[in-house]
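Heads up: the structure comes next, in structure tokens.
The numbers here are math on the coordinates, done by the rules we state, and not lab data. Model, not experiment: these values are computed from the prediction. Quick reminder, even Gly has a Cβ in these numbers, built from the backbone with ideal geometry, and neighbours come from all protein chains shown.
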Amino acid sequence: MGGGALRIATVATNTYREAVRGRVLHGLLGLALATSAYSLLVATLSLHQEARVIADLGAASISLYAVLVAIVLGATSLHREIELKTLFPILTRPLRRHEYVVGKYLGTLATLLVFVALDGGVVLALLAAEAGQRVELLAGAASLLAALLAAMVARARFTRVFVVVPWALAVFLAMALLAAPAGDERRLVVASAALTMCEAMIVTAVATLFASFSSPFLTAVFTLGVFVVGRSAETLANLPARLFGDELRRAGAALAHVFPNLDAYVPPRPLLLGRVAELPVWSFVGAAALHAVSYAAVLMCLSVLVFRKRDFT
């Protein structure tokens, strides 16, 4: 590993360590898991649509809370270093500013990956139970995963926060396998989780850009505004001229082209279920991931340029 990559990895691991120890993250994770569990209660009120309700509410909660985490971490991570004045000795070391910004971004993404994997794993476990998977099998898998985490934490005494990353991915994979009886609903949750990570990648890059020159409050407000406009991109691009006039229609179309089209990361239910023959779900997810990486790369380049010119004296 080159010196630059090593420095970026060091900043990313420190950012991840700080994020997973934050109370705000724990609170949002608790709310996300509680919302997923609440879907079981709502499912009992449906008429033979229990699995659909759990999948839909679970996918929606994963998306909502992941975006909130991306905004909170993106808005506060960089500013915390400036407020505590720990940034100044860091930048006096042989660390370039672009390495610092990229490391912060990657550390936030690692935190989001754990968040989405854990929340998605719980949703898949609930879906598996509702679809008729044997309770003993689910309980055995949960016990094995808990024992695995305990063993990993015991062996990695000084790096215990990092073992959660592979463990969370293992939880998601195990529950996805156990949710096989749910059929298409399992595909919906897995695809939604993947698309949520893509969307969070863009939202985090937007927050990083604003955080490079603004305060946490304004960063959160601006990022939330970009998110709202991005989720409304399709609507803005197709405003009826009869109701809004040509000027507003053109302005809406311009905004839709400038802002990221986040509406693409919450596609219609039939597409996620694989029922759109001309657009396979995994091809759509792959194209969305490519778009997210490209858009985030452009935003990170802008963040680096802005942060390089920032004066901390």
Burial ordering of Lys309, Lys104, fewest other beta-carbon atoms within 10 Å first: Lys309, Lys104
In a Gaussian network model over the chain where Cα atoms closer than 10 Å are linked, find which of Arg242, Arg186, Arg21 has the largest mean-square fluctuation. Arg242
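Where the only charges are on Cβ atoms (+1 Lys, Arg; -1 Asp, Glu), what is the dipole of segment 182-246 about its Cα centre, to the nearest 20 debye? Present the calculation step by step, with values, prior to reporting the outcome.
Numbers: 4 positive and 5 negative charges, 10 e Å.
The dipole of segment 182-246 has a size of about 40 debye.
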So how do 279-286, 295-302 stack up, highest first, on mean other-Cβ count within 10 Å? 295-302, 279-286
Per-bin percent of Cα-Cα distances, segment 233-283 [5 Å]: 4, 20, 20, 13, 15, 14, 10, 4
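Within a 10 angstrom radius of the beta carbon, how do Tyr38, Tyr105 rank from fewest other beta carbons to most? Present the calculation step by step, with values, prior to reporting the outcome.
Working: Tyr38 13, Tyr105 28.
Going from least to most buried by this count: Tyr38, Tyr105.
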Ranked from highest to lowest mean number of other Cβ atoms within 10 Å per residue, what is the order of the peptides 205-213, 243-251? 205-213, 243-251
Label point distance in nm, Ala170-Ser294, each placed 7 Å from Cα along Cα→Cβ: 3.8
Bin width 10 Å, origin at 0, all Cα-Cα pairs of the chain: what percent of pairs per bin? 6, 24, 31, 24, 12, 3, 0
Would you work out which of Thr13, Leu57, Val72 lies farthest towards the positive end of the dipole of segment 7-77, given +1 charges on the beta-carbon of Lys and Arg and -1 on that of Asp and Glu, about the Cα centre? Thr13
Charge-dipole axis of segment 227-293 as Lys and Arg at +1 and Asp and Glu at -1 on Cβ define it, positive-most pick from Asn238, Leu248, Val276: Val276
Segment 248-313 and segment 146-164: distance between their alpha carbon centers, rounded to Å: 35
Overall dimensions of segment 186-313 by Cα: Rg and Dmax, Å: 16.9, 58
In terms of the alpha carbon gyration tensor, root eigenvalues a ≥ b ≥ c, rounded if a/c is under 1.5 and otherwise prolate when a/b exceeds b/c or oblate, segment 1-151 is prolate
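Please sort 136-146, 162-172 by packing, taking for each peptide the average over its residues of neighbouring beta carbons within 10 angstrom, highest first. If you can, show how the numbers build up before the last one.
Numbers: 136-146: 13.1, 162-172: 18.5.
Ranked by mean Cβ neighbours within 10 Å, highest first: 162-172, 136-146.
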Indicate the helices, whole DSSP H runs only, in the chain that combine a mean Kyte-Doolittle hydropathy of 1.0 or more with a Cα extent along their long axis of 20 angstrom or more. 23-43, 50-83, 97-130, 135-155, 164-178, 184-211, 216-231, 281-309
